[in-house]
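Colleague: To start, I am sharing the structure in question, which I have written as structure tokens.
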Amino acid sequence: MPKEIGPSLWNFPKVENMPKNDLVILGADLEPETLIDSYQHGIFPMHVEVEGKTEIGWWSPLKRGVLPLDEIKISRSLKKSMKKFKVTFDQAFVEVMKGCGDDKRPKGWINKEILKAYKDLFDLGFAHSVEVWDEFQNLVGGLYGVEVNGLFAGESMFHRKTDASKTAMVYLVEKLKNAGGERIFDVQWQTPHLKSMGVIEISRSKYLNQLKKVMKTKPAF
């Protein structure tokens, strides 16, 4: 269970006051209290360039990518691949974040500031990782995210072997399902890769309505 944290120093906007685009606000900080409050408002951080200067951008997509837990798609080839891997939880959080933030990956956004912020959340019990290992005990894939009550907000994933990141998703879904209660597995935006796993798009308003309901659910981790 996560540790107690204090209130945020910042006031995030309510949905009716949010701009009609994915980026809703700039500024604030990445303190644990700020981050948890943002997720409770359906907002997450990602840096953005504004007039040549890097700012903390806070995002609430108009079309939110979510994975309904009962609708995950597991192909035959994925089932076969999964047998080759060992999967753990919360055993190599920083290593997973670094894998997701590999400079060789296009559009990398996980800088030192993000790494520290989410490591702090991990230490407090709010952030979690799924690790995928090969037969030689090499970390070959995984994902990490933030859990607030019944919300699991997936932040990023990576793979060094085929199907390793998909394997991480399957195991995470099983963990969330086994915990029971109403839950959201939020993946921010739908991509072709995530769509193939069953990720759908829902409106911002629908997402925020569901978010209120899952705040009553106990965390799965």
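The values are calculated or read from the model by the stated rules, or taken from the named source; none is laboratory data. Given the structure is predicted, the values throughout are model-derived calculations rather than measurements. Note that each Cβ is placed from the backbone with ideal geometry, even for glycine, and that neighbours are counted across all protein chains shown.
Colleague: Which residues, taken from segment 175-192, are assigned to a loop (DSSP other than H, G, I, E, B) and either of a type in the set (A, V, I, L, M, F, W, C) or surrounded by 23 or more Cβ atoms within 10 Å (Cβ to Cβ) (or both)?
Modeller: Within segment 175-192, Arg183, Trp189 meet the criteria.
Colleague: Here's something else I'd like to know. Cβ contacts < 9 Å: first residue basic (Lys, Arg), restricted to segment 1-16; second residue outside any loop (DSSP other than H, G, I, E, B) and surrounded by 10 or more Cβ atoms within 10 Å (Cβ to Cβ), any location; separation 6+ or different chain. Result?
Modeller: That search, which allows pairs on different chains as well, returns Lys3/Asp123; Lys3/Leu124.
Colleague: Among the residues of segment 193-210, count how many are over 9 Å from Gly65 (Cα atoms), part of a helix (DSSP H, G or I) and among the hydrophobic types (A, V, I, L, M, F, W, C).
Modeller: Residues flagged as over 9 Å from Gly65 (Cα atoms), part of a helix (DSSP H, G or I) and among the hydrophobic types (A, V, I, L, M, F, W, C) within segment 193-210 amount to 1.
Colleague: Check Leu172 against each of (1) part of a helix (DSSP H, G or I); (2) over 26 Å from Lys116 (Cβ atoms); (3) not β-branched (Val, Ile, Thr) and name the one condition it does not meet.
Modeller: Single failed check for Leu172: (2).
Colleague: Also: Out of Lys112, Lys14, which single residue is modelled with pLDDT under 95, basic (Lys, Arg) and farther than 26 Å from Val132 by Cα?
Modeller: Among Lys112, Lys14, only Lys14 is modelled with pLDDT under 95, basic (Lys, Arg) and farther than 26 Å from Val132 by Cα.
Colleague: Separate question: Go through (1) on the phi > 0 side of the Ramachandran plot; (2) touching a Ser or Thr at 6+ places or on another chain (Cβ under 6 Å) and name the single condition Phe85 misses.
Modeller: Of everything listed in (1) on the phi > 0 side of the Ramachandran plot; (2) touching a Ser or Thr at 6+ places or on another chain (Cβ under 6 Å), Phe85 misses just condition (1).
Colleague: Of all residues being assigned to a helix (DSSP H, G or I) and among the charged types (D, E, K, R) in segment 16-61, which is farthest from the chain's Cα centre (by Cα)? Just the residue, please. Spell out how you get there, then give the answer.
Modeller: Restricting attention to segment 16-61, the residues satisfying the condition of being assigned to a helix (DSSP H, G or I) are 16-17, 32-40.
Now drop any that are not among the charged types (D, E, K, R), which leaves 16, 33, 37.
Numbers: Glu16: 24, Glu33: 17, Asp37: 15 Å.
Among those that are assigned to a helix (DSSP H, G or I) and among the charged types (D, E, K, R), it is Glu16.
Colleague: Still on this model: Cβ-Cβ below 7 Å, separation at least six or inter-chain, first residue in segment 110-129 and assigned by TED's automatic domain parsing to the domain that holds Gln91, second charged (D, E, K, R): which pairs?
Modeller: Qualifying pairs under 7 Å: Leu124/Lys3; Gly125/Lys3; Phe126/Glu147; His128/Asp90; His128/Glu147; Ser129/Asp90.
Colleague: Out of the residues in segment 52-80 meeting the condition of being surrounded by fewer than 12 Cβ atoms within 10 Å (Cβ to Cβ) and either at pLDDT below 95 or in contact with a Leu (Cβ under 8 Å, 6 or more places away or on another chain) (or both), tell me which one is nearest to Glu31 (Cα to Cα).
Modeller: Thr54
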